[in-house]
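S.K.: This is the structure, below, for whatever I ask next.
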Amino acid sequence: MLEKTYNPAEVEEKLYGEWEESGAFAADTQSNKAPYTIMMPPPNVTGSLHIGHALTFTLQDVLIRYRRMKDRDALWQPGTDHAGIATQMVVERQLAEQGIHRRDLGREKFVEKVWEWKAESGGTIIRQLRRLGASPDWEKERFTLDEGLSKAVAKVFVQLYKEGLIYRDKRLVNWDPKLHTAISDLEVEQRETTGKMWYFKYPVEGQDGTFITIGTTRPETMLGDTGIAVHPEDERYTDLVGKNCILPLVGRAIPIVADEYADPEKGTGAVKITPAHDFNDFEVGNRHDFARVNVLDENAAINDEAPEKYRGMDRFDARKAIVADMEELGLLEKIEDNAMVIPYGDRSGVVVEPWLTDQWFADAKTLAKPAIEAVETGKTKFVPKQWENTYFEWMRNIQPWCVSRQLWWGHRIPAWFGPDGEIFVEETEAEAKAAAAKHYGKAVELTQDPDVLDTWFSSALWSFSTLGWPEETPELKRYYPGDVLVTGFDIIFFWVARMMMMGLHFMKDVPFREVYIHALVRDEKGQKMSKSKGNVMDPLELCDSYGTDSVRFTLAAMAAQGRDIKLSESRIAGYRNFVTKIWNAARFCEMNECRPRATFDPKSVTTTLNRWIVAKAAESGNGVAAAIEAYRFNEAAEALYHFTWHTFCDWFLEFAKPVFQGNDEAAKAETRATAAWVLDQILIFGQPIMPFVTEELWRHIDENRGSALINAEWPDYSGLAAPDAEAEMDWVVDLISVIRSVRAEMNVPPSAKLDLSVKGAQGADEARLKTHEALILANARLESIAPVGDDADVSGAIQAVAGSLTLLLPLAGVIDLDQERARLKKEIAKLDGEIGKIEKKLSNQGFIAKAPPEVVEENRERMQAAADAKAKVEEALSRIEAA
RNA sequence: GGGCGAUUAGCUCAGCGGGAGAGCGCUCGCUUCACACGCGAGAGGUCACUGGUUCAAUCCCAGUAUCGCCCACCA
């Protein structure tokens, strides 16, 4: 006998262990089913499961579990990402607590430490994924830094280099002065702030007393100024073009040039050019052959290129000093407030500097072309389609991708430098040495590039590197390309776009046919969850409190295709109640000896109630399947919820009660078997979303089943769905006969008062089975079914009974007469309103007569129905008045 | 500056060219032999605003307002 409530904690761990051990999650390259592949976006190895993970992994798990049952050899390929910067920071912080800096250890030792850390703590998120019930093929778990993937990375880098799609260049990059590495544009976060604009007067060479005034938001960079630009058509400055300014504080003569970049509308129309510290100025500098004077070191402090006074100063201290000095010289014209955006490193949180360095770049523009085309031609589709615009927008304006990072943790760039700086890019050191020997005609010492690759470089290969590429493995052949990639919109650029580029380049096919973009999870107030705001919801704590199934169900139910999900705990509690409801439905079935029969054929049921519920179950099962296939997880959840609670429990089980307690043994047996079958269906189509409670019940109901629910087959409901109106009608008629029999049983003549209150119901036990609840439900049901079809007999019978029900309820004392009178009056007013509305519509339609005839007809019918309903209510009211 | 999204019941959200929905909350009544994590009955909404298209608009179009997100090198 089942307990009264379901206890998730007891079963979750047990079931998960059994699933995993039995190999239930494993894909099978030998299977004769078609493959279905989802590549798990590899979470950071440093990570711990947050609610966003819980969402994305739940949705993926729903898809995988569904496909596994339905018709596919499903592979959910798991793994983790080495997360260069994030991981290095974690370990550095840990070392710092012991007073150790990574430089003290040296590169090799430090990397060793990181591996140690990974071995100890890197498994957290993987363990947590298990807790969530995720069912990837764990045997195939990969790590972006493991041997095979590293080999793939090296091969890709070398090939792209040799194709000219990766190159080394000296240009401005976003430099993080705290982490001492370059970062990509995507890793820069622009924050709006109110800053200052300083107006400095630069003296014109040879013209005492003539100044050109420039505005700047970054006074400290003036030490690196190598030119001034004005607009060619700006008459204010025409006579100064070609002359020089003397850069104050430095004394360098810098040319004044005409360049379209200078906007006469902005500032003073004259702009200082600092090619080494500003992306725009870099371009302008190139056009005019300006020198690039770098005045900052790797910490963004002033370096030795600057006048001695400022050397070693932090950039912000230097700013103050320079402003003060300029003021003293009388060269500070004014200061204004200025709204501006400041670039911050998304990991370090400090202001990043455009800084001139040698870095490796990937030619993203060339790689992007096929990736754009693949989406244009529909080879890969985004769901919702909306996101394709975002993708196109970025891809069409894509900038060179800086792939090198000045870190120690990551894939070392496979490039070696000869004594004269010649570069040898090869997959291994041996190959590089061979190439160098050939180049120099003798063996030489080579030094490997100290940099590592951007973490996203290896992630970009994930869709094929995890399957064994460059080896021609059976997995690679079978599971590439993937069916769908499930992810949040925040990494469309970081990851989706880059996988498209790499997949198309190296596999000559898209990495996935669909990209399902889901929302991001925010708190109840719509704010991004963050530790500093204290509004984080820990999914594992929620699983502890409410059970994993409830959390999964909530996430699925809220995964509509919007942008944000605002998660509230009360909703999780609501779905926890739903889990209990299923549990208790099963308990009820158990108590009434509803056991699955192997020979049961849902097509063969005879009673109206059973035929009806079989059809409804099929309809719901198909609804769940269709919703999952369309990535409408909320609809799948809703269909499951509604069918289980409001169809199966509220109606079917209620009406099964009189059967179970009656004397018709044949009907009893059939209804028991039907109830058991329907409950099984609920478990089956509930499994993808709520795997634990469904599996537990599945096993409890029959311990001798051939397989676990997770391996059960999704039933074919064809021939069962689509109950026709007649069947529905029959059922209502049957229902009405039940009600009539109640009256007969209780010896209540049709005209007399039927006491339906529970306490007063003194009739036979059978009569109590369907007391006032059934009547009230029946009443609601009847209303929802009207207007009836064209079978006059059935229609008449129903209307007659419906009328008597309306009357019956108040007479029975179930409803307070005064209240009922008020309700009826209100009802009449409402119907009047509706009649008026339809009348107006009809008159419009009649006048212009453009509406399709069936629509007009429909409206006439509705009008008639409303009028009939009104008459009925009026009649009921008059009877009440009379009583 | 460019782009996108949102605005529907007290709250969190679905829906969508022809009858306003769910969960939670609220009110009333129920220790009914599955379930109080329950059962039944209710209250509550000019579907942001203004125009337009249409026989018909919460839904399509245009504009306005408010909120939010993404992208962007603005001195």
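S.K.: Filter the range A:654-670 for residues that are of a type outside the set (A, V, I, L, M) and within 14 Å of RNA strand B (Cβ to nearest atom) and give the result. Give the derivation first.
M.R.: Taking the range A:654-670 first, the residues of a type outside the set (A, V, I, L, M) are A:654-655, A:657-658, A:660-665, A:668, A:670.
A:GLU654, A:PHE655, A:LYS657, A:PRO658, A:PHE660, A:GLN661, A:GLY662 - these are the residues of the range A:654-670 that are of a type outside the set (A, V, I, L, M) and within 14 Å of RNA strand B (Cβ to nearest atom).
S.K.: Can I ask one more? For the range A:582-624, give me the residue count where each residue is away from RNA strand B (no atom under 16 Å from the Cβ), free of Cβ contacts under 8 Å to residues at least 60 places away in the same chain and either of a type outside the set (D, E, K, R) or under 25 Å from A:PHE692 (Cα atoms) (or both).
M.R.: Step one: of the range A:582-624, the residues away from RNA strand B (no atom under 16 Å from the Cβ) are A:596-608, A:610-612, A:614-615, A:618-619, A:621-622.
Narrowing further to those that are free of Cβ contacts under 8 Å to residues at least 60 places away in the same chain: A:598-599, A:601, A:604.
This time we only want the ones that are either of a type outside the set (D, E, K, R) or under 25 Å from A:PHE692 (Cα atoms) (or both), so: A:598-599, A:604.
So the count comes out to 3.
S.K.: Being hydrophobic (A, V, I, L, M, F, W, C), within 16 Å of RNA strand B (Cβ to nearest atom) and over 14 Å from the mean Cα position of the chain (by Cα) is the filter here; which residues of the range A:496-525 pass it?
M.R.: Across the range A:496-525, the qualifying residue is only A:ALA497.
S.K.: If the requirement is being touching a residue at least 24 places away in the same chain (Cβ under 8 Å) and either among the charged types (D, E, K, R) or not in a helix (DSSP H, G or I) (or both), which of these qualifies: A:GLU12, A:GLU21? Give the steps one after another, and end with the answer.
M.R.: Values: A:GLU21 fails: touching a residue at least 24 places away in the same chain (Cβ under 8 Å).
Answer to the selection: A:GLU12.
S.K.: Also: Counting residues that are under 29 Å from A:ILE64 (Cβ atoms), which helices (runs of 4 or more DSSP H) fully inside the range A:581-665 reach at least 3?
M.R.: A:608-629, A:633-641
S.K.: Of the residues in the range A:682-711, how many are away from RNA strand B (no atom under 16 Å from the Cβ) and in a helix (DSSP H, G or I)?
M.R.: 9
S.K.: Okay, moving on. Report, by residue number, each residue of the range A:254-304 that is surrounded by fewer than 19 Cβ atoms within 10 Å (Cβ to Cβ), of a type in the set (Phe, Trp, Tyr) and over 20 Å from A:LYS243 (Cβ atoms).
M.R.: A:PHE279
S.K.: Counting only residues that are among the acidic types (Asp, Glu) and either in a strand (DSSP E or B) or without any contact (Cβ under 8 Å) to a residue 24 or more places away in the chain (or both), which one in the range A:309-339 is farthest from A:VAL188 (Cα to Cα)?
M.R.: A:GLU328
S.K.: Which count do you get for residues in the range A:255-282 that are in a loop (DSSP other than H, G, I, E, B), closer than 9 Å to A:VAL230 by Cβ and either under 42 Å from the mean Cα position of the chain (by Cα) or hydrophobic (A, V, I, L, M, F, W, C) (or both)?
M.R.: Of the residues in that region, 1 qualify.
S.K.: Right, here's the next one. Working only within the range A:703-723, note down all residues that are charged (D, E, K, R) and either in contact with a helix residue (DSSP H, G or I) (Cβ under 9 Å, 6 or more places away or on another chain) or at pLDDT below 50 (or both).
M.R.: A:ARG705, A:GLU713
S.K.: Another one. Go over the candidates A:ALA627, A:ALA559, A:ALA573 one by one and state the one that is within 11 Å of RNA strand B (Cβ to nearest atom), within 18 Å of A:PRO688 (Cα to Cα) and free of Cβ contacts under 8 Å to residues at least 40 places away in the same chain.
M.R.: A:ALA627
S.K.: Tell me, which residue of the range A:389-409 that is surrounded by 15 or more Cβ atoms within 10 Å (Cβ to Cβ) and under 10 Å from A:ALA364 (Cα atoms) is nearest to RNA strand B (Cβ to nearest atom)?
M.R.: A:ILE398
S.K.: What pairs can you find where one residue is in the range A:340-355 and hydrophobic (A, V, I, L, M, F, W, C) and in a loop (DSSP other than H, G, I, E, B), the other is within 13 Å of RNA strand B (Cβ to nearest atom) and at pLDDT 85 or above, and their Cβ atoms are less than 8 Å apart, with a gap of 6+ or different chains?
M.R.: So the pair list comes out as A:VAL350/A:TYR344; A:VAL352/A:ASN174; A:VAL352/A:ILE183; A:VAL352/A:VAL188; A:VAL352/A:PRO343; A:VAL352/A:TYR344.
S.K.: Say whether the condition of being touching a Lys or Arg at 6+ places or on another chain (Cβ under 8 Å), more than 21 Å from A:TRP409 (Cα to Cα), of a type in the set (Val, Ile, Thr) and touching a residue at least 12 places away in the same chain (Cβ under 8 Å) is met by at least one residue in the range A:454-473.
M.R.: no
S.K.: While we're on this one: Cβ-Cβ distance below 8 Å, separation of 6 or more or different chains: which pairs start in the range A:84-100 with a residue that is at negative phi and end on one that is of a type in the set (A, V, I, L, M) and surrounded by fewer than 16 Cβ atoms within 10 Å (Cβ to Cβ)?
M.R.: A:LEU95/A:LEU105
S.K.: In addition: Looking at A:TRP394 and the list (1) in a helix (DSSP H, G or I); (2) free of Cβ contacts under 8 Å to residues at least 40 places away in the same chain, which single condition is not satisfied?
M.R.: A:TRP394 satisfies every listed condition except (2).
The values are calculated or read from the model by the stated rules, or taken from the named source; none is laboratory data. A quick note: this is a predicted structure, and the numbers were derived from the prediction, not measured. No Cβ is skipped: glycine too gets one built from the backbone with ideal geometry, and neighbour counts run over all protein chains shown.
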